[in-house]
Amino acid sequence: MSAQLDEAGRRLLFTEARTANLFRDEPVEMSLLSEIYDLMKWGPTSMNGFPVRIAFLTTPEAKDRLLPALFDGNVRRAQSAPVIAIIGQDMEFFEYLPRLYPHAPENRKIFEDNEIAAQVTAFRNSTLQGAYFILAARAVGLDCGPMSGFDNARIDQEFFAGTHVRSNFLCSLGYADPGKHYPRGSRFEFEESCQVL
């Protein structure tokens, strides 16, 4: 039988974890950033393509460069976070398939010759990796505030100019201020969302 997370692990990652809206004024140890990466990197992606690229903004100067690209509702959330991760996607991830998927290096041609397939695959798999990132951050004791609500083109110009990386979403990291949570939203029940065929 496969190993399973106990109830405490499930609470930590899922049932009691909350999206952080604002954070306490408490620094994040920089060693935790590599711990997050070293956990999330093992999550599966198509053909082990691994398109995710992450920029960790840890200084006031770096975060100030981000703020003009945020929609108004996200500015305060971002300002309170000790760390903001830009979860990006390398649109030419396929160039690394000979290294990451060595038993079929010719698969690079699938994407070299089909820009739409490359874009869809980069987006889908970097999004998956972003979800692994959130679970990994929770696993090392951090709270997360994933965010849309920003100008992708502006962030790409500011942080990824001259590269093939494009932003997907943002994720603030730190220790949540529990008094600033919204009431927890409801979820659909199994029968409302799922079919068993």
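Residues of region 68-111 with the amide nitrogen closer than 19 Å to a label point 7 Å from the Cα of V120, along Cα-to-Cβ, please.
89-95, 107-111
For a Förster distance of 22 Å, can you work out the FRET efficiency between the beta-carbons of D113 and N48, rounded to the nearest 0.05?
0.65
Tell me, in nm to one decimal, what length is gained between E26 and H181 on full extension, where the rule is 0.36 nm per residue of separation less the Cα-Cα distance?
54.1 nm
At 0.36 nm per residue, and after removing the present C-alpha to C-alpha distance, how many nm does the segment from E16 to Q4 gain when stretched out fully? Mind showing how you got there, number by number?
On the way: separation 12, 0.36 × 12 = 4.32 nm, distance 1.77 nm.
Additional length available on full extension: 2.6 nm.
Sort V196, V165 so that the residue with the fewest other Cβ atoms within 10 Å of its own Cβ comes first and the one with the most comes last.
Values: V196 5, V165 24.
Taking fewest neighbouring Cβ atoms as first place, the list is V196, V165.
So how far, in whole Å, is the C-alpha centre of region 115-193 from the one of region 57-101?
9
For n ≥ 4 DSSP H runs only, could you compute -39500 (n - 2.57) per run for the chain, divide by its residues and tell me the 222 nm figure to the nearest 500? Working shown, then result.
On the way: 9 runs with 77 residues, N = 197.
My calculation for the chain gives -11000 deg cm²/dmol from helical runs alone.
What is the Rg over Rh value, at two decimals, for the chain, using alpha-carbon atoms and the Kirkwood definition of Rh? Before the final figure, lay out the partial values.
Numbers: Rg = 18.1 Å, Rh = 18.3 Å.
My calculation of the ratio gives 0.99.
Hydropathy first: keep DSSP H helices in the chain averaging at least -1.0 on Kyte-Doolittle, then drop any whose Cα extent along the axis falls short of 15 Å, and list what survives. Please report the intermediate quantities before stating the final value.
Values: long enough: 115-139 (35 Å, 0.48).
Helices passing the filter in the chain: 115-139.
Given the C-alpha atoms of region 24-135, compute the convex hull and give its volume per residue in Å³. Working shown, then result.
Working: hull volume 13.7 nm³, N = 112.
Cα-based convex hull of region 24-135, divided per residue, equals 122 Å³.
Please report, for the Cα atoms of region 129-192, the Rg to one decimal and the Dmax as a whole number; what are they, in angstrom?
15.5, 48
Read-outs: derived from the displayed coordinates by stated rules, not from any lab. The structure presented is a predicted model; accordingly, all values stated were derived computationally and were not measured. Neighbour counts are summed over all protein chains in view; Cβ atoms, including those assigned to glycine, are modelled from backbone coordinates with ideal geometry.
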